[in-house]
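Notes to accompany the following structure.
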Amino acid sequence: MAQSSQPQYELLYHPVIPGRGEFIRLAFEAAKVPYTDVANTEKDGYSTVQQICMSQNTQSEGSNPPVFAPPALRVAGAGKDARSLVIHQTPTILLYLGPRLGLVPGDEVGRLYVSQLTLTALDLNNEVHDTHHPIASSKYYEDQKEESLLKSQDLRENRLPKYFSHFERTLKGNHDDGKGRYLVGGKLTYADLTVWQVLDGLFFAFPKELQARKGEFPDLLETFYGSVKEEGGIKEYLSSSRRLPYSQGVFRHYPELDRQ
């Protein structure tokens, strides 16, 4: 939904790219809860992100410990002594937001299931990133292209089937009115959003591979992937200018790394 001029939540992340910040954007958008994407919507917003999340010489606000790297979430008045709360690490932010945005079940077991699926999907997200930066993030893709070809082959042939099989079995095993649309329970959770975002990025980065895998994993790559896109807040978001295009972030399309 449209972002409020005075939101409670501030997303601190790099501008222009979806990146790991997208997992948090999707949670807000699905719940239709206002937030500010600071680097993309505020003048000099990225300076704020850099000061709080990327400086080696400053502490975070108030009693918050230093942030290691974006994304981070700042929540006015939610920290110690009613100061701002600043938390980082994508799964920690989602763990915090889940019950507040209505994106987790009401029981502890269900919340644990959501968390473990999210962490698994984020592991896959990291493996996808490493296909174009297998040696070092500080080096250009062109400086590690030979290694990227080998890493991508392993991802396509071994790692994707392992992850896809796990998520497919989870969908089939969800008997709580999931109907192949949800991983946990009978309504959307942040685990669904996280898995969906990784799949969407894979469709961009490895379109031939994903197309070839549809027949092998139809519940995941067709039923589930298609249904999440139709969720109210998500459908609106995907058609808006707030949805940033893939470019030079986690998901990159290099044709030579895809199935040949």
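We did not get these values from a lab; they are worked out from the coordinates using the rules stated. On a predicted model such as this, the values are computed, not experimentally measured, just so you know. So basically every Cβ, Gly included, is an ideal-geometry build from the backbone, and we count neighbours across all protein chains shown.
Principal semi-axes of the equivalent ellipsoid, √(5λ) from the alpha carbon gyration tensor of the range 105-231, are 29, 16, 11 Å from largest down. At full extension, Asn57 and Asp176 could sit 37.9 nm farther apart than now, given 0.36 nm per residue minus the alpha carbon distance. Counting lysine pairs in the range 105-231 that sit 8 or more residues apart in sequence, or on different chains, and whose Cα atoms lie under 17 Å apart gives 11. Counting other C-beta atoms within 10 Å, and keeping those with at most 11, which DSSP coil GluC sites (Glu not before Pro) do you find in the range 228-260? Taking the range 228-260 and a limit of 11 other Cβ atoms within 10 Å, the loop GluC sites (Glu not before Pro) found are Glu230.
Over the C-alpha trace of the range 1-134, radius of gyration and Dmax come out as 15.1, 44 angstrom.
Computed over the range 64-138, the range of Cα coordinates on each principal axis works out to 43, 31, 15 Å, biggest value leading. Using 0.36 nm per residue and subtracting the Cα-Cα separation, the extra length available between Gln116 and Ser137 on full extension is 4.9 nm. Length, then width, then depth: along the principal axes, the Cα atoms of the chain run 53, 49, 31 Å.
Shown is the FRET efficiency for Tyr254 and Lys229, computed with R0 = 35 Å from the Cβ-Cβ distance and rounded to the nearest 0.05: 0.90. Centroid-to-centroid, using Cα positions, the range 147-175 and the range 66-81 are 33 Å apart.
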